[in-house]
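> Can you keep this structure in mind? I'll have questions shortly.
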Protein chains: 2
Amino acid sequence: MEKGNVYFSDNGYQELTDYLKNNQNFSKIFVLVDSNTSEHCLPPFLQKVGILKDYELIEIEPGEDNKNIHTVVGIWDTLTELGADRKSLLINLGGGVLTDMGGFVASTFKRGMKFINVPTSLLSMVDASTGGKTGIDLGNLKNQIGVFSLPEMVIVSSEFLSTLEARQMRSGLAEMIKHGLIADKYHWDRLNDLDNLDLSSLDSLIKQSVTVKIKVVTEDPTEQGLRKILNFGHTIGHAVETFYMDTDKMLFHGEAIAIGMIAEAYLSTLKTGFEMEDADKVKKVILEYFPKTEIPKEDFKAILDLTKHDKKNVSGVISFSLLEDIGSCAYDCYALPDEIEDALAYYME
Amino acid sequence: MEKGNVYFSDNGYQELTDYLKNNQNFSKIFVLVDSNTSEHCLPPFLQKVGILKDYELIEIEPGEDNKNIHTVVGIWDTLTELGADRKSLLINLGGGVLTDMGGFVASTFKRGMKFINVPTSLLSMVDASTGGKTGIDLGNLKNQIGVFSLPEMVIVSSEFLSTLEARQMRSGLAEMIKHGLIADKYHWDRLNDLDNLDLSSLDSLIKQSVTVKIKVVTEDPTEQGLRKILNFGHTIGHAVETFYMDTDKMLFHGEAIAIGMIAEAYLSTLKTGFEMEDADKVKKVILEYFPKTEIPKEDFKAILDLTKHDKKNVSGVISFSLLEDIGSCAYDCYALPDEIEDALAYYME
């Protein structure tokens, strides 16, 4: 078994069971949940992994608002009180907030204990839980603090999705669309064939998205180059997400990335020769999934300012990953402030 | 240049100068100091590294009391405000508290920016600044939180030592004695030949200690095995240090390790066949440098309890690295509570 491997469904549970059987020298096993996954996901999880009987449960509050150092310190303290050591294991059972944060906690506790991710949201399955990025927010800056650190394994099982609200499902869908756009035209084609899309195809679509992601991060684990293509839609998307955080227009991550992808598809037409016709197609398909969010022109400036804090930026220049074609993406592209405002205007058109 | 390399004195400054010349694409350079090193060490440092003109200074409060997540958050926030990004560089100019903490800050900021350590205390020169352990305390547990992460380089220059108090110098000396005891009999012999020890030999003694440390950590960077020998004296030493923290008997790190080495030399006689005669010699030499600290018998229990939190422990068993001979050390040795109390009694005899 290679570190960071992703296993699916019942096969995944079997891998996890084997792993626990073969590693019985863990001094203690901890399961990190939030109050939602504790109620909805823990019981089926324990049923599938019957071997896991002796464990300590650590429960945190759900939501991005709690993805901060305060929650992390609480988990560090709890691990300390419960006698966790370097030979303990942490199983993160939850969405992206929980797997990002749990990975960071495990990677920094006593300079590193092992962890396993069991994502319970679509977003976390196709994105957050794989690839070794761990992190928390600092103030309103998303994932400002973190380390690169691979989980022992990731178990992806779509059964958890039945408890998700539609809005959360859609949030994950945005990243899947992204995977198609940046690296897999066939995946994109399947995702925009709305008439023939149903739940039965979900498993294979998830698998395909994970395959794209893993291929990219394996080539470039610490984002020196290629991995940056995963940031398509994210420079503007993150800024929009941050801007509306804590307002009544609060957006889910994928909803913000949907906006970002439309705006950055437009930027692509300026920078990489991406066809305007393709940009319009991207916009049309995404808007079918994601109803338009009203972004007043007077908010553009503030959103623009927020793009400057993006982790991808260096030396104060705002950096983008932009489409060259459907299924192909460039990175280290730069855009001017005016162009970024035009891209937001394109989204609003 | 290999990551983590240690360079000495003027040669070190030349290496740093060359490094900065060859890496002019750093978006920004930050220098982390505390109020002591800002006053005493920054001016000579800047004089030696004339090329470093454009930098931002970040100043923190000195001392172990401030080696916590609160200070770290403050530095993260300051870096954010000053526009640090992944292509920025952090130069840590200070003692072990500062280099440990600065390394942790850099390794977690935006999932990692580069850092360089310029240790200004003897302890930090021969121990903390090299080997890639970064960390902070959690509550009263030392280095409970951290990551393994190598600095770009370490510059060791003994000129800073002239501003240190005798007690701080001695604190570093304990780790040097340890290096001799665990891996280099000649180094130990030189260090206990007190009559012929003077400041002029200090440079070569520091170099020898760093050589021992680097040899060990290069073989085992993440402390899976051999590196544990560097923990000789530290299981009991850390517990004693923690126990007297915030009391009027507060001990410097090296002072506590001196106690730990004497106690663990005694444990060695029980566990590895280390000669009692050698243990007595270790005790005699160390007590010449480090006057005896009164540890009342009624404190033994509480100190014993604290050894249980040591990061080296797994599965609740208290783990030690113990001398087999002068210049040779075993690891993963276990001792019973009674034996640990006897070891403290041996120190007090």
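Nothing in this text is a laboratory measurement; each read-out follows from the coordinates by a stated rule. Computed from a predicted model, the values in this text were never measured in an experiment. Backbone-built Cβ (ideal geometry, glycine too); neighbour counts: all protein chains shown.
> Please name whichever of B:Q144, B:L98, B:N5 sits farthest to the positive end of the charge dipole of the stretch B:5-163, dipole taken about the Cα centre and charges placed at Cβ: Lys and Arg +1, Asp and Glu -1.
Comparing the listed Cα positions along the dipole, B:N5 ranks first.
> Something else now. What pairs from B:K284/B:K308; A:K87/B:K308; B:K3/B:K228; A:K178/A:K215 go past 20 Å between their alpha carbons?
With Cα atoms farther than 20 Å apart: B:K284/B:K308; B:K3/B:K228.
> Now, a different point. Rank these for me by crowding, B:H179, A:H187, going from fewest to most other beta carbons within 10 Å. Can you show the working numbers first?
Details: B:H179 27, A:H187 21.
Least to most surrounded, the residues fall as A:H187, B:H179.
> Nm distances between the label at B:K53 and the same-position labels in the remaining copies, 7 Å along Cα→Cβ, shortest first?
Relative to the other copies, B:K53 has label-point distances of 7.2 nm.
> Using all C-alpha to C-alpha distances in the protein assembly as shown, build P(r) with 20 Å bins and read off the rounded percent in each one.
Per 20 Å bin, starting at 0, the Cα pair percentages come out as 18, 46, 29, 8, 0.
> For A:L123, B:L46, A:L98, what ranking results if the residue with the fewest other Cβ atoms within 10 Å of its Cβ goes first?
Numbers: A:L123 26, B:L46 15, A:L98 30.
Ranked by crowding around the Cβ, least crowded first: B:L46, A:L123, A:L98.
> Compute the separation of the alpha-carbon centres of the stretch A:253-269 and the stretch B:23-92 and state it in Å as a whole number.
37
> May I pose another question? Taking Rh as the Kirkwood radius, which is the inverse of the mean 1/r over Cα pairs, what is the Rg/Rh value for chain B? Write out the running numbers ahead of the final one.
Values: Rg = 19.8 Å, Rh = 20.5 Å.
Rounded to two decimals, Rg/Rh equals 0.97.
> Once you charge only the Cβ atoms, +1 for Lys and Arg and -1 for Asp and Glu, what is the size of the charge dipole of the stretch A:126-251 about its Cα centre, to the nearest 20 debye?
The dipole of the stretch A:126-251 has a size of about 320 debye.
> Can you check what the Kirkwood hydrodynamic radius comes to for the stretch A:266-333, Cα pairs only, in Å to one decimal?
Computed over the stretch A:266-333, the radius equals 13.7 Å.
> Please report A:Y346, A:Y186 as a ranked list, fewest other C-beta atoms within 10 angstrom at the top and most at the bottom.
In order of increasing Cβ crowding within 10 Å: A:Y186, A:Y346.
> If one takes the longest principal axis of the Cα atoms in chain B, at what angle in degrees, from 0 to 90 and to the nearest 10, does the Cα axis of helix B:234-244 lie?
Value to nearest ten degrees: 80.
> Enumerate the calculated ³J(HN,Hα) couplings along the stretch A:76-82 in order (Karplus 6.51 cos²θ - 1.76 cosθ + 1.60, θ = phi - 60°), each rounded to whole Hz, writing x wherever the residue is Gly or Pro.
4, 4, 5, 4, 4, 4, 8
> Oh, and also: Below 8 Å, C-alpha to C-alpha, sequence gap of six or more: please give me the relative contact order for the stretch B:166-348 in percent. Before the final figure, lay out the partial values.
Details: 258 pairs, mean separation 51.5, N = 183.
Result for the stretch B:166-348 is 28 percent.
> Which of the aspartates and glutamates could be linked to B:K207 by a straight reach, that is with a Cα gap under 17 Å, when you skip same-chain ones fewer than 8 residues away?
B:D10, B:E15, B:D127, B:E159, B:E175, B:D184, B:D189, B:D198
> For peptide B:143-150, what's the mean number of Cβ atoms from other chains within 10 Å of each residue's Cβ?
Other-chain Cβ atoms within 10 Å of each residue's Cβ, averaged: 5.
> Report the residue, chosen from B:S121, B:S200, B:S107, that carries the largest GNM mean-square fluctuation when chain B is represented by alpha-carbon nodes joined by springs under 10 Å.
Among B:S121, B:S200, B:S107, the largest mean-square fluctuation in the Gaussian network model of chain B belongs to B:S200.
> Cross-link partners among aspartates and glutamates for B:K292, C-alpha distance below 16 Å, same-chain residues fewer than 8 apart left out?
Straight-distance partners of B:K292: B:E241, B:D248, B:E255, B:E264, B:D280, B:E349.
> Sticking with this structure for a sec: One decimal, nm, shortest first: give the distances between the label point of A:K87 and those of the same position in the other copies, each label point 7 Å from Cα along Cα→Cβ.
4.6
> So, one more: What's log10 of I(q)/I(0) for the stretch B:5-163 at q = 0.20 Å⁻¹, Debye sum over Cα points only, no solvent?
-1.35
> Check A:I60: other-chain or 5+ apart residues with amide H under 5 Å from its amide H, H built from backbone geometry?
A:V33, A:D34, A:S35
> While we're looking at this one, here's another question. What's log10 of I(q)/I(0) for the stretch B:118-209 at q = 0.24, 0.25, 0.26 Å⁻¹, Debye sum over Cα points only, no solvent?
Evaluating at q = 0.24, 0.25, 0.26 Å⁻¹ gives log10 I(q)/I(0) of -1.29, -1.34, -1.38.
> Which value, in debye to the nearest 20, describes the size of the charge dipole of chain B about its Cα centre when Lys and Arg Cβ atoms bear +1, Asp and Glu Cβ atoms bear -1, and nothing else is charged?
Dipole about the Cα centre, nearest 20: 1180 debye.
> When the Karplus curve 6.51 cos²θ - 1.76 cosθ + 1.60 is applied with θ = phi - 60°, which whole-Hz ³J(HN,Hα) does each residue of the stretch A:7-23 get, with x for Gly and Pro?
With coefficients 6.51, -1.76 and 1.60, one gets 10, 10, 6, 4, 4, x, 5, 5, 4, 5, 4, 4, 4, 5, 5, 7, 10 Hz.
> Where in the stretch B:201-220 is the amide nitrogen less than 11 Å from a point lying 7 Å along the Cα-to-Cβ axis of B:D332?
The answer is none.
> Give the aspartates and glutamates reachable from B:K110 as a straight Cα distance under 16 Å; neighbours fewer than 8 places away on the same chain don't count.
A:D100, A:D137, A:E223, A:D310, B:D77, B:E81, B:D85
> Could you work out the relative contact order of the stretch B:92-218? I mean the mean sequence separation of Cα pairs under 8 Å and 6+ apart, divided by the number of residues, in percent. Each step should come with its number before you reach the end.
Numbers: 198 pairs, mean separation 31.2, N = 127.
That works out to 25 percent.
> Tell me the distances, shortest first, between B:D189 and the same position across the other copies, using label points 7 Å along Cα→Cβ, in nm to one decimal.
Label-point separations across copies, in nm and ascending: 7.8.
> Per DSSP helix of 4 or more residues, -39500 (n - 2.57); summed, then divided by the residues of chain A. What does that give at 222 nm, rounded to the nearest 500?
Value at 222 nm, helices only: -14500 deg cm²/dmol.
> Would you work out the charge dipole size for the protein assembly as shown about its Cα centre, treating the Cβ of every Lys and Arg as +1 and the Cβ of every Asp and Glu as -1, and quote it to the nearest 20 debye?
Around 1000 debye, computed over the protein assembly as shown.
> Semi-axes of the equivalent ellipsoid of the stretch A:166-348: what are they in whole Å, largest first, if each equals the square root of 5 times a C-alpha gyration tensor eigenvalue?
Computed over the stretch A:166-348, the values are 24, 19, 16 Å.
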